[in-house]
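My questions will all concern the structure given below.
The values are calculated or read from the model by the stated rules, or taken from the named source; none is laboratory data. Note that this is a predicted model, so its numbers are computed, not measured. Every residue, glycine as well, gets a Cβ built from its backbone with ideal geometry; the counts of neighbours run over all protein chains shown.
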Amino acid sequence: MVKPDEIIRSRRKTLSMTIDPFGRLVIRAPYSCGEERIFDFIRQKENWILKKQAERKGAGVRLPPENLDGYRFLLLGKDCVIRLTDDAHIRFDDKQGVLFLPSKNARTKLVKWLKENAKRIFTIVTERKAAEMQTTFRSVSVSSAKSKWGSCSYDNAIRYTFRLLYAPREIIEYVVTHELAHTKHKNHSAAFWAEVEKYVPDWKTKRKWLKTHGIFMEIF
């Protein structure tokens, strides 16, 4: 029997449940709702709960603490550890997977560094994939979006969340291909998915990876 990690009571009239980024089961219930009703509600949703908890825990992601020293996260799909320093500039040791980060205003400087590198890398990949797909785009930009990995406007301006930088390169390539396919098809029609599949045959696996690792949207 699955047990809730937290029960939050309020003046609401209905029961609801969420699985937080750590796989914790959080139940929201009315003040008058008894435990028997809550546990019956959980039993009815048990399969869904176990599936979602497995997805969250399988992502193997820990959200950053206040002190970033020693924090591990993925960068281009590879393990990376932060070491705070007294230096003025950020330095990344690719071979060791160590990101040396100035301790003063560490989080602000890190996000700026991530955005700069995301813009550079995503632009290179987009230019290369556009040539391969024989299409064009207006521009590439990065945002802090937490709901979309990428988007393509009506006039073919492409935008990616900088958080896509945490994903492996093959996942980034899929998202780039997805957005470039929108320069030809402004919808998710059969023709659109055929265009994606032409360049990423296993796009369904890649899309599933993105859904499973949605917790990446919460990092920094």
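Name the single residue, out of those in the range 42-51 being surrounded by fewer than 17 Cβ atoms within 10 Å (Cβ to Cβ) and part of a helix (DSSP H, G or I), that is nearest to the chain's Cα centre (by Cα).
Filtering first and then ranking leaves K51.
A further question on this structure: Within the range 14-39, track down each residue that is over 11 Å from V2 (Cβ atoms), more than 24 Å from the chain's Cα centre (by Cα) and touching a residue at least 24 places away in the same chain (Cβ under 8 Å).
Residues satisfying the conditions are L15, C33, I38.
Would you point out the residue of the range 137-149, among those that are small (G, A, S) and closer than 18 Å to V111 by Cα, that is modelled with the lowest pLDDT?
Once the filter is applied, the top-ranked residue is S147.
Residues are listed down the side, and each one gets a yes or a no for (1) among the β-branched types (V, I, T); (2) in contact with a Phe, Trp or Tyr (Cβ under 8 Å, 6 or more places away or on another chain); (3) surrounded by 12 or more Cβ atoms within 10 Å (Cβ to Cβ); (4) over 22 Å from H213 (Cβ atoms):
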site: V81; (1), (2), (3), (4): yes, yes, yes, no
site: H89; (1), (2), (3), (4): no, no, no, yes
site: Q96; (1), (2), (3), (4): no, no, no, yes
site: F100; (1), (2), (3), (4): no, yes, yes, yes
site: W113; (1), (2), (3), (4): no, no, yes, no
site: A118; (1), (2), (3), (4): no, yes, yes, no
site: I121; (1), (2), (3), (4): yes, no, yes, no
site: V125; (1), (2), (3), (4): yes, no, yes, no
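From L99, L114, L75, which residue is under 30 Å from I172 (Cβ atoms), of a type in the set (A, V, I, L, M) and assigned by TED's automatic domain parsing to the domain that holds I172?
L114
Given T205, T136, T212, which one is of a type in the set (V, I, T), outside the structural domain of K52 (by TED's automatic domain parsing) and out of contact with any helix residue (DSSP H, G or I) (no Cβ under 8 Å at 6 or more places or on another chain)?
Answer to the selection: T205.
Further question: I'd like the full set of residues that are assigned to a helix (DSSP H, G or I) and without any contact (Cβ under 8 Å) to a residue 12 or more places away in the chain, limited to the range 70-126.
Once the filter is applied, which keeps residues that are assigned to a helix (DSSP H, G or I) and without any contact (Cβ under 8 Å) to a residue 12 or more places away in the chain, the range 70-126 yields T108, K112, E116, R120, I124.
Would you check if L25 is within 22 Å of K211 (Cβ to Cβ), modelled with pLDDT of 90 or more and out of contact with any Ser or Thr (no Cβ under 7 Å at 6 or more places or on another chain)?
Yes, satisfied.
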